[in-house]
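The values are calculated or read from the model by the stated rules, or taken from the named source; none is laboratory data. What you are looking at is a predicted structure, and each value in this text was computed from that prediction instead of being measured. Cβ placement follows ideal geometry from the backbone for every residue including glycine, while neighbour counts extend to all protein chains displayed.
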Amino acid sequence: MTRDATALRQLVVDAIAEVAPDADVGTLGDDDEIVPTLELDSMDVLDVCAGIYERTGIDIPERDYPKLVTLAEFTTYLTAREDS
Amino acid sequence: MAADTESHTIDFRLPSLGSDMDAGVVLDWRVSPGDRVRKGDVLVEVDTEKSEIEVEVWHAAVVEELLVDVGTEVPVGTPLARLRVDADVARRAGATAAAPASAPVTPAAPPPPRSSPQPTQRPAVVVGAAGSFPDPRLVFWPSPAGSPTGVVHATTPGAATQGSRADRRQAAVAALMDRANREIPHFHVTRRLDVERALRALEERNEHHPPTERVLPAALLLRAVVLALRVHPELNGSWADDAFTPASTVDLGVAVHVRGGGLMTPVIAAAEELDLDALMAALGDAVRRVRRGKLRSGDTAPGSITVTNIGDGGADGLFGVIHPPQVALVGFGRIVEAPVVVEGSVAAHRTMQVTLTADHRALNGHSAAAFLDTLDDLVDSPEVLT
């Protein structure tokens, strides 16, 4: 099943909400920097990637972490991975 | 000799899950009568006002009877359930006090009757059994209607006491830091670690694993600390009655920031038995427990040493405060790329400042500095990756 950008964006939001139930993910704008806005630490980031891996099978290598700064960038990245 | 097939029924009592805990509310039973439980299984979830805690059972047993209904507040020491354990287990545990070894039951005299309304809001200090006075800052406020408003922890006269769970947690941290500052003569030794080689090895390793199996630098640093404590056991233990008692295991307290404010220190018990992957899993579990507000009773155990600020955050170094009754605290600063000299040439390596904060009653500068030497060697060794 190829997911579209909207579905992928929701997947990211869900993964973050699962990892950080105490963070206000609803307030996250598409161009906000995810990590500082939600006060995520390195464990949270890893868990988000793990959540995405479990949901989609997309394995995000560590060297691609810098491409995931905002929700918009994260969605773009996953869309490109889905298409390839 | 015939096999001992006898079993005994014991009372599982509500343990004290923190030095200021007086009572807890039963939130959720995780077992039913007839269930078989193993050591470490969660029996019940209890609300201690600062946190929800999953209380683990300490012995393999069969659940016979649940004694307290959900929603009921009971004092520490109240029997929560009846468990049937094997005879030899019962003998070791004591016939009626089957409590987790890590959270000693405080056999308290019952607190003032909650059903009798007090005309004025005078605090009633709860006095424990002979020889065990609880912290005098602990007060129990009966409400005008007679039903308990809950346990309140006053740190200084007039200090904010009631309030949100976060406030109460902060008050508990404040009390601990206050005590540490008063009682412990702190000193600090610090060192810059070159972590370039270690991080590259970790990256290489993680390249071949999906996110679910990766190891964070934090876990590698914890591993290095645990291995270093093997060489320097004088940093791992507790100070009481003017003497140091080394701990037989490394019960690693990990300071975890709570979003919205506050600090919790879950404990990774027997960390020396865990290889790097297992330590990473334990660290992840501990952090996730904090995030969900679901601590386990084992997390509230004192720990034999604490590690804080492992690599995240904006500080180059952390000169911390020891968590009594421990005698040492290891603080790691952020990872900074810096010029280092390697075989006569300057290179850009990732570095990190590590600081050992130590109790000068138990330790001196020489042993503290020696620990840093060992840690420096270990960070670069292949052993830390195993």
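One residue is enough: does region B:146-164 have a residue meeting the conditions at pLDDT 50 or above, within 14 Å of chain A (Cβ to nearest Cβ) and in contact with a Lys or Arg (Cβ under 6 Å, 6 or more places away or on another chain)?
no
So, in region B:230-259, how many residues would count as being of a type outside the set (F, W, Y) and closer than 20 Å to B:G18 by Cβ?
Selection size over region B:230-259: 11.
Quickly run through region B:204-225 and pick out the residues that are of a type in the set (K, R) and within 10 Å of chain A (Cβ to nearest Cβ).
Listed by number, the list holds a single entry, B:R214.
Please identify the pairs in which a residue from region A:36-62 that is among the small types (G, A, S) has its Cβ atom under 6 Å from the Cβ atom of a residue that is assigned to a helix (DSSP H, G or I) and surrounded by 20 or more Cβ atoms within 10 Å (Cβ to Cβ), counting only partners at least 6 apart or on another chain.
Close Cβ pairs satisfying both conditions: A:A50/B:P211; A:G51/A:A15.
Of B:P210, B:P185, which residue is touching a Lys or Arg at 6+ places or on another chain (Cβ under 8 Å) and not acidic (D, E)?
B:P185
All but one of (1) within 14 Å of chain A (Cβ to nearest Cβ); (2) crowded, with 16+ Cβ neighbours inside 10 Å; (3) within 15 Å of the chain's Cα centre (by Cα) hold for B:R334; state the number of the condition that does not hold.
Failing condition for B:R334: (3).
Please go through region B:350-381 and pick out each residue that is under 23 Å from B:P324 (Cα atoms) and among the hydroxyl-bearing types (S, T, Y).
Correct list: B:T355, B:T357, B:S367.
Working carefully through the options B:E272, B:E203, B:E196, B:E207, find the one that is surrounded by 19 or more Cβ atoms within 10 Å (Cβ to Cβ) and acidic (D, E).
Only one candidate qualifies: B:E196.
Of B:V89, B:V85, B:V57, B:V44, which residue is at pLDDT 90 or above, touching a strand residue (DSSP E or B) at 6+ places or on another chain (Cβ under 8 Å) and either of a type in the set (V, I, T) or buried (at least 19 other Cβ atoms within 10 Å of the Cβ) (or both)?
After ruling out the rest, the residue left standing is B:V44.
Please tell me if A:L46 is over 12 Å from B:P211 (Cα atoms) and either surrounded by 14 or more Cβ atoms within 10 Å (Cβ to Cβ) or at the interface with chain B (Cβ under 9 Å from one of its Cβ atoms) (or both).
So A:L46 fails the test.
Name the one entry in B:A255, B:A247, B:A269, B:A228 that is under 21 Å from the mean Cα position of the chain (by Cα) and within 14 Å of chain A (Cβ to nearest Cβ).
On inspection, the qualifying residue turns out to be B:A255.
If you scan region B:282-316, which residues turn out to be more than 12 Å from chain A (Cβ to nearest Cβ) and either of a type in the set (D, E) or within 12 Å of B:G253 (Cβ to Cβ) (or both)?
Matches in region B:282-316: B:G298, B:D299, B:T300, B:A301, B:P302, B:G303, B:S304, B:I305, B:T306, B:V307, B:T308, B:D316.
Here is a yes/no grid of residues against (1) more than 24 Å from B:R205 (Cα to Cα); (2) modelled with pLDDT of 95 or more; (3) in a helix (DSSP H, G or I):
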| residue | (1), (2), (3) |
| --- | --- |
| A:T37 | yes, no, yes |
| A:M43 | no, no, yes |
| A:I60 | no, yes, no |
| A:P66 | no, no, yes |
| A:R81 | no, no, yes |
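Name the residues in region A:51-84 that are within 13 Å of chain B (Cβ to nearest Cβ) and crowded, with 21+ Cβ neighbours inside 10 Å, would you?
Scanning region A:51-84 gives A:I52, A:I60, A:L68.
Looking at B:V225 and the list (1) out of contact with any Lys or Arg (no Cβ under 6 Å at 6 or more places or on another chain); (2) within 28 Å of B:V195 (Cα to Cα); (3) among the hydrophobic types (A, V, I, L, M, F, W, C); (4) surrounded by fewer than 22 Cβ atoms within 10 Å (Cβ to Cβ), which single condition is not satisfied?
With respect to (1) out of contact with any Lys or Arg (no Cβ under 6 Å at 6 or more places or on another chain); (2) within 28 Å of B:V195 (Cα to Cα); (3) among the hydrophobic types (A, V, I, L, M, F, W, C); (4) surrounded by fewer than 22 Cβ atoms within 10 Å (Cβ to Cβ), B:V225 is out only on (4).
Looking at (1) over 30 Å from A:T56 (Cα atoms); (2) crowded, with 17+ Cβ neighbours inside 10 Å; (3) touching a helix residue (DSSP H, G or I) at 6+ places or on another chain (Cβ under 8 Å); (4) in contact (Cβ under 8 Å) with a residue 40 or more places away in the chain, can you tell me which one B:P266 breaks?
If we test B:P266 against (1) over 30 Å from A:T56 (Cα atoms); (2) crowded, with 17+ Cβ neighbours inside 10 Å; (3) touching a helix residue (DSSP H, G or I) at 6+ places or on another chain (Cβ under 8 Å); (4) in contact (Cβ under 8 Å) with a residue 40 or more places away in the chain, just (4) comes out false.
Can you tell me how many residues in region A:8-32 are more than 9 Å from chain B (Cβ to nearest Cβ) and either under 21 Å from B:P211 (Cα atoms) or buried (at least 19 other Cβ atoms within 10 Å of the Cβ) (or both)?
13
I need the full set of residues from region B:272-281 which are away from every other protein chain (no Cβ under 14 Å) and either at pLDDT below 95 or out of contact with any helix residue (DSSP H, G or I) (no Cβ under 7 Å at 6 or more places or on another chain) (or both), in order please.
Selection gives B:E273, B:D275, B:A278.
Going through region B:72-90 one residue at a time, which ones are under 19 Å from B:R296 (Cα atoms) and out of contact with any Lys or Arg (no Cβ under 7 Å at 6 or more places or on another chain)?
Matches in region B:72-90: B:E73, B:V74, B:P75, B:V76, B:A81.
Taking B:P33 as meeting all but one of (1) modelled with pLDDT of 90 or more; (2) in a loop (DSSP other than H, G, I, E, B); (3) touching a helix residue (DSSP H, G or I) at 6+ places or on another chain (Cβ under 9 Å), write down the number of the exception.
(3)
Looking only at strands (runs of 3 or more DSSP E) that fall completely inside region B:258-340, which ones have 2 or more residues that are in contact with a Leu (Cβ under 8 Å, 6 or more places away or on another chain)?
Answer list for region B:258-340: B:305-308, B:328-332.
Return the total of residues in region B:176-204 being closer than 15 Å to B:S381 by Cα, assigned to a helix (DSSP H, G or I) and touching a helix residue (DSSP H, G or I) at 6+ places or on another chain (Cβ under 7 Å).
4
Please work out which residue is surrounded by the most Cβ atoms within 10 Å (Cβ to Cβ), limiting yourself to region B:9-28 and to residues that are touching an Asp or Glu at 6+ places or on another chain (Cβ under 8 Å) and at pLDDT 85 or above.
Out of the qualifying residues, it is B:G24.
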